[in-house]
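I have placed the structure first, in the form of structure tokens, so that the comments after it can refer back to it.
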Amino acid sequence: MVKQDIAPGVKGTAGSKADVAVPALGFVGTLRWAWTQLTSMRTALFLLLLLAVAAVPGSLFPQRSANPAVVTQYIEEHPDTGPVLDWFQLFDVYSSVWFSAIYLLLFISLIGCVIPRARAHFRAARSTPPRTPKRLSRLPVHGTLEIPAAEVQDADLTPSSAAGQAAAVLKKRGYRVDVRGVGTDEASVGAERGLAKELGNLVFHISLIGVLVAVAIGGLFGYNGQKVIVEGDSFVNTLIGYDSFNPGSNFSDDQLEPYSIRLDSFDVRFDREQESHYGQPLDFTANLTTQDGPGAPEEQQVLKVNAPVTIGGTSVYLVGNGYAPIVTVRDGEGDIASQGPVVAVPSDGLYTSLIVIKAPDAQPDQLGFVGFFLPTAFVDEDGVSFSRDPDPFNPQLNLNSYYGDLGLDDGTPENVYVLDTENLTELNSRNNDDGGIVLAVGQTYDLPEGKGSITFDGLQRYIALDIHHDPAKAAAFVFATLALLGLGASLFIARRRLWVKTSRRDDGGIRVEYGLLARGEDHRLADEGLRVRKLLADRWSVPSGTGDNTEDNRVPEAVSSAGGTGQSQHNTKDN
Amino acid sequence: MPQPVNAELGQVSELLMLLASIAYVVAFVFFVLDLVKSSKTISAVESRLASEQAASARTLAHVGGRDPGSTAARPAAPVTADDSMDYGSGARRGSARIAVALTVLAALIHGAAVVSRAFAAHRVPWGNMYEFCTTGAFLVAVIFLITLTRKDLRFIGSFVVGLVVIMLCAATVGFPTPVSRLIPALQSYWLVVHVSIAVASSALFTITFAMSVLQLLQTSREAKLLAGKTDTARFLRLVPSALSLENLSYRLNAIAFIGWTFTLIAGAIWAEQAWGRYWGWDTKEVWTFVIWTVYAGYLHARATRGWTGTRAAWLSIVGYLCIVFNFTIVNMYFSGLHSYAGV
Ligand code: HEM
């Protein structure tokens, strides 16, 4: 009974149409049938749940988008399953064919869903509230007020004017109203409120499309790159300036503005007060000098975690830091083969760092070193060195050395943090006679066989930067906010219809009947009934009483012992 | 320059947390006692109900306009609580009263523990797993108590308080963490916004989870009774009908879903500030998304024919299991940018 009153919207139609299983004949008919299926609520639900399931593998397997090296390693370690998983795109879940298919279908369904609903809503918003039902007493919440003859005479009321006054009361309460039967002895008011609920729902769904489009545009026209800067060094925003760079598919290098960043100093503070968290980092601050372009004035800026610096259309983030020991390598001929800070990659909270040093210019043989840098070196009972503190209280290098072909000359890109020892001969190692190289600051170690020497000159810090440009991120933010607002409106605004009927009584009084109907979930419909009853009663100064409104609907004691919020909830089953 | 932490106050907080747990445990015992006892009380009330049954049948026929489906599908006699969750029997539930009083007491101590922890650390008390758990449990208790003032939800008391106890145990046993300052990655006001709403939404989801489980139990019981079988789950007499449970949990889920949507957006904004991209399918982001999608599915299910009732309840349960998974397994065993668990 409530159902017939619901304006034709997707909500109503989708559910019922989905049950009509047999498609009309012919190609067009089949297409139409497929479209109806796709845009049905059931399909939307199915696709939503499918999307949730499909997103899970991306958290179980390493993803190339996050860290390609880990994926490569995973495949190497799992030669049987790895390639199969790869074939199913389980290392690229969020750009995979199947994941894309699900969300594209979902969004097509969404568009197919939203357009007719937007149209229906537009029509509903412009049409007058629905016609007055014959028997208001059949509505879930209803009641009657009697204006006594004396009052009618005093105020010179007619059913029409009473209806007009009721309409005014309702209008003040936010209803759209329409007065019917003016001039007759049986007037009525049709009223409706809460169209914003449907509007909110539409805004929400449309905004989801907006977010998706913004994400796509960001992916097409944005870029990001990574750069490590040692104290005192600079970075210029050009392609060659980056350590690694990920352009969007529509990126062109003239998008890059040639600003520059110099790292003047990097301050680190660790917790020194608390035993339980001794050495936990408390603050990272990078002091930068930036220049918007060549010749532009220099500017001092502070970069912190969670506080990016924006420059030249990009945002610059502090995503990592560590130590760069300054090392001098001399070759077998006594010449300096490499000199300067070498970035060591921290592997734990105490900054025990992996370090790789390559000296391709060394003569007669190229030299390579791999090992650890320990900020506060300490040797345990078994003779194993480890770091006890993240601050450099006793900095030490522990290295193995190699000579031979570093494999850098054939031009293939090489990971600077990895030493490929395949074509190298070991010189020093903890496992061979010469032992490993252990160096404190200022010390030099002469390599065996006169291959050269290595000196640990000093220590600098470096920072790792992520640099991002996303032209659509503001749009994504706006749409996300709209979605949230729309969602709130959709879930919290109640859509209600209300009718008031006025008729003349035999004794000269006027009878005012009213009835309320909710569309969708509305547990406060009965409350609204009481409130409107009170407003109307006050308008004509008649006692509002308590009974009428709930009397007829009131569920008998045995089933329910209270009126109030009980009744209207059953309407939900009509959705 | 932030102030150093106050270790003594931190210890006071831990002691209060312990006291609160004890009070919750006792409250839990009383809630269980209430369920057991009420079964008896209800048997007594039942005769009265039966006598009124005839009258109600008449009136129902008269009213006619109420949703015929649900009224017919629901045998009036064995169900004692309805949508309003106003039990009407007038029977005194002594144990339940004690249980609620104890829960209030426990929540007060719990609140003091959370606040003193915040003061000890000079920051919001949600910077590691221990704090997520204890603050989250506090919110669960508070939301439960607030809901109690509007609806008689004492029937899920044992459930909810039981979950609070589990959360507190998990915090104290699983992730004990002394008071400390925040690592740089967490030093952001987005921690306040993002995590607080996440914890509050999760607390709401916790309550609806309990209600959905009861709803499933009640549904199968109702079906059984309708088929004329004996009532094997008598304690459920105190629990409202499956339909009322569904309606109420829908309302709470709707609020929680908005909270979760906000969490997701705020998280994206924070991620944008911290890492330069608002969305990168990091493990934690994946699971936040999965949870969001499951609950969006739940909301859709409620508007899809054939998916209301039992299936919707299952979705609500699955959503909650995802939250638990996200909070425990993902935090502890999955690596990702969000490795702040502090364990
Ligand atoms: C990206 C996919 C989608 C998401 C995340 C989504 C999410 C939601 C959410 C959270 C709600 C509940 C809040 C509200 O009432 O506004 C909702 C409601 C609704 N959605 Fe979607 N939706 C999606 C796609 C669709 C599609 C494809 C359809 C059409 C078949 C659809 C039709 C509806 C309808 C009719 C409602 C109102 C239900 C009610 O009145 O309770 N949605 N959607």
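The numbers here are math on the coordinates, done by the rules we state, and not lab data. Note that the structure is a prediction, hence the values are computed from the model and not measured. Note: ideal-geometry Cβ built from the backbone for every residue, glycine included; neighbour counts use all protein chains shown.
Of note:
- Descending semi-axes in whole angstrom, ellipsoid equivalent of the stretch A:17-161, from the Cα gyration tensor: 59, 22, 13
- Counted charge near residue A:481, where neighbours are those whose Cβ lies closer than 14 Å (Asp, Glu -1; Lys, Arg +1): 0
- Cα convex hull of the stretch A:175-243 - mean projected area over all directions, nm²: 9.4 nm²
- For chain A, the mean residue ellipticity at 222 nm estimated from helices alone is -10000 deg cm²/dmol, where every DSSP H run of n ≥ 4 contributes -39500 (n - 2.57) and the total is divided by all residues, rounded to the nearest 500.
- The fewest-to-most ranking of A:98, B:126 by surrounding Cβ atoms within 10 Å reads A:98, B:126.
- Within the stretch A:364-450, GluC sites (Glu not before Pro) in DSSP loop having at most 12 other beta-carbon neighbours inside 10 Å: A:381, A:422
- Rounded to the nearest 0.05, the FRET efficiency derived from the C-beta distance between residue A:28 and residue A:535 at R0 = 56 Å is 0.55.
- Relative to its Kirkwood radius, the Cα radius of gyration of the stretch A:302-430 gives an Rg/Rh of 1.05.
- Cα coordinate range in chain A, projected on the principal axes (Å, largest first): 124, 65, 58
- Kirkwood-type hydrodynamic radius, the stretch B:183-343: 17.1 Å, calculated from all non-identical alpha-carbon pairs.
- Of the peptides A:298-311, A:133-146, B:234-247, the ranking by mean beta-carbon count within 10 Å, highest at the top, reads B:234-247, A:133-146, A:298-311.
- Cα-based shape type of the stretch B:104-231, given that a ≥ b ≥ c are square roots of the gyration tensor eigenvalues and the cut on a/c is 1.5: prolate
- Cβ-based net charge around residue A:231, under 12 Å, with every Lys or Arg adding one and every Asp or Glu removing one: -1
- This model, with +1 at the C-beta of Lys and Arg and -1 at the C-beta of Asp and Glu, gives the stretch B:183-343 a dipole about its Cα centre of some 620 debye.
- The label point for residue A:394 and the one for residue A:80, both projected 7 Å from the Cα toward the Cβ, are 4.7 nm apart.
- Inter-centroid distance (Cα atoms) of the stretch B:233-304 relative to the stretch A:399-449, Å: 54 Å
- In order along the stretch A:362-367, phi translates into HN-Hα couplings of 5, 10, x, 10, 5, 10 Hz, rounded to whole numbers, per the Karplus curve 6.51 cos²θ - 1.76 cosθ + 1.60 with θ = phi - 60° and x for Gly and Pro.
- Selection of chymotrypsin sites (Phe, Trp or Tyr not before Pro), the stretch A:177-235, meeting DSSP coil and at most 15 other Cβ within 10 Å: none
- For the stretch A:61-116, convex hull of alpha carbons as volume per residue, Å³: 64 Å³
- Rounded tilt (10° steps) of A:41-55 against the dominant C-alpha axis of chain A: 20 degrees
- Around the amide H of residue A:270, modelled in the peptide plane, lie the amide H atoms of A:282, all under 5 Å away and 5 or more residues distant in sequence or on another chain.
- Potential lengthening between residue B:115 and residue B:220 on full extension [0.36 nm per residue; Cα-Cα distance subtracted]: 33.5 nm
- Label-point separation in nm, residue A:415 to residue A:251, each point 7 Å along Cα→Cβ: 2.0 nm
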